Amino acid sequence: MYRVLILLFMTLHVPFHSHVARGDEPIAIGQQRELLTDDHLIQEADGIVFRLHQPEPEEVVLVTDRPWEGNTCAYYTIFQDGDKYRMYYRGSHWDEKAKKATHPEVVCYAESEDGIHWQKPELGICEFDGSTANNIIWDGVGTHNFTPFKDTNPKCKPEARYKALGRGRSLRPGDKSSKHGLFAFQSPDGLHWKLMQDTPVITKGAFDSQNLAFYDEVANTYRDYHRWFNGGVRDIMTCTSSDFLNWTDPIGLKYSEPRREHLYTNAIQRYPRAPHLLIGFPTRYLPDQGQRVEPILMTSRDGLHFKRWQKPVIPETALQDRQGNRSNYMTWGMVQLPGNQREYSLYATEAYYTGPDSRVRRFSYRVDGFVSAHAEARTGHFTTRTLTFEGKKLELNLVTAETGSILVEIQDHDGKPIPGFSTNDCQPLTGDSISQFVSWKENPSLQSLAGRTVKLKFTIRNGDLYSFRFVDQQ
């Protein structure tokens, strides 16, 4: 099984780069889970490949086959809201022969109890073709890329529990000087929406994309990510706000790699299992290759500096109808399905422009399974920078072959094994587990090392390490 899984993964062996200054001060990680999507904690590695993984394609969950939907439905947002999953998207259709839209753009809504089977309720909110028996929730300004979220700000008013951004122009009569920008919306229930003001709240940028915002519980601020042109290249900007109406001046994202590439959407959010990390799946746009698109992975620790991985996470070969013009967007949202704590479900579009409708397909990732430290039969190892931790146990997310293993050594500040915690003292970790605890022969607890400056050395043979964290469990 392990070898079969390996064939599904994409290998990328490149040096990491990080914007974080290298200093002598230890990194305090406490009990936060650390993924291997950047080199923030890595001091040196030998015989290790940092491997980018692709999610597993699953079933089609939505077909846009209603008269108010069509073949250019786009900019999907999916999130869990209590026991319910919510989906928002643009309903639109393009007549390829006539080269024009067949109906005005509208905002559609679907919901699900399991993240797989979705219903389009007849809401009675907006009229289409003489009837309100549809799942349309908004048909005013901002329909092109209306992108909602549930506001988790503890100070949020009930009437604004759900918020959204959508592009448009000032609605004030006679205001000819206004620029296109992003309007702010609010809703008490996620279905009935109204504008928060009649002028855009963000005006610096280019907004023909899925521009998003959310309440960042780590930074205690609203955080926006939207598109702009960076020297003629489509790119991503960010800004923040304390009230969702007044925003800081947007600035372009910074990347650890020098390559220039068109990035259309961004799909950035806090990673639930490691909230200090932001994870995004921006859409790389390839105008010189038939305008095709492909999602990639990028991560950040501060919301501004991002590490981008070069290979696509969903290539155009991932099942059908992804090769065409804009036919392979990742949606915004990452959810866990009921009863399945081992995976995250993400969603991506297919068949844009090609038929009477388009589709959304679910993909599944192992939790923390975006990048792994991998070694084949030749044993490899990597060592962290100096750090401090809190807790009594070290938990790993790992997979090994039958002949593989992972060992952990705890070193002092100078890189010398701490007695009782050397590689030789470690009990080999094997198998497939998202939560396996490390043990040393004579030391069942790490409590004596908590708060002390240490390094971790991971030795891997025929295996993958996805993440680690210190915990209090005995």
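The table below gives the values:
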| read-out | value |
| --- | --- |
| Whole-Hz couplings from phi, Karplus 6.51/-1.76/1.60, listed for region 394-404; x for Gly and Pro | 10, 10, 10, 10, 8, 9, 10, 6, 4, 9, x |
| Among Leu36, Tyr271, Trp228 the positive-end extreme of the charge dipole of the chain (Cβ point charges) | Trp228 |
| Cα gyration tensor, region 56-366 - rounded (a/c under 1.5), prolate or oblate | rounded |
| Residue-span extension gain [Phe437 to Asn325] - 0.36 nm each, minus C-alpha spacing | 35.7 nm |
| Student exercise, the chain dipole from Lys, Arg, Asp, Glu Cβ charges, in Debye to nearest 20 | 880 debye |
| Exposure proxy order (Cβ contacts within 10 Å, fewest to most) of Asp412, Asp235, Asp302 | Asp302, Asp412, Asp235 |
| DSSP loop GluC sites (Glu not before Pro) with at most 13 other Cβ within 10 Å excluded, longest remaining stretch of the chain | 218-441 |
| Neighbour-limited loop hits for trypsin sites (Lys or Arg not before Pro), region 40-110 (at most 10 other Cβ within 10 Å; DSSP other than H, G, I, E, B) | Lys97, Lys99 |
| Sum of side-chain charges, Trp309 neighbourhood, beta-carbon under 14 Å (Lys, Arg +1; Asp, Glu -1) | +1 |
| Other-chain or far-sequence residues with amide H under 5 Å of Glu58's (modelled H) | Arg362, Phe363, Ser364 |
| Length-normalised contact order for region 293-449 - Cα pairs under 8 Å, 6+ apart - percent | 14 percent |
| Amide proton proximity set for Gly205, modelled H, under 5 Å, gap of 5+ | none |
| MRE, 222 nm, helices only [DSSP H, n ≥ 4, -39500 (n - 2.57), over the chain, to nearest 500] | -500 deg cm²/dmol |
| Sum of side-chain charges, Pro338 neighbourhood, beta-carbon under 10 Å (Lys, Arg +1; Asp, Glu -1) | -3 |
| Sum of side-chain charges, Pro57 neighbourhood, beta-carbon under 15 Å (Lys, Arg +1; Asp, Glu -1) | -3 |
| Average Cα contact separation per residue, the chain, under 8 Å, 6 or more apart, as relative contact order % | 17 percent |
| Vicinal HN-Hα couplings computed from phi for region 350-366 (Karplus, 6.51 cos²θ - 1.76 cosθ + 1.60; Hz; Gly/Pro x) | 7, 6, 5, 6, 7, x, x, 8, 10, 9, 10, 10, 7, 10, 10, 10, 4 |
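Only the coordinates and a few stated rules stand behind these numbers; no lab work does. Keep in mind that this is a model prediction, so the values were computed, not measured. We place every Cβ from the backbone using ideal geometry, glycine too, and count neighbours over all the protein chains shown.
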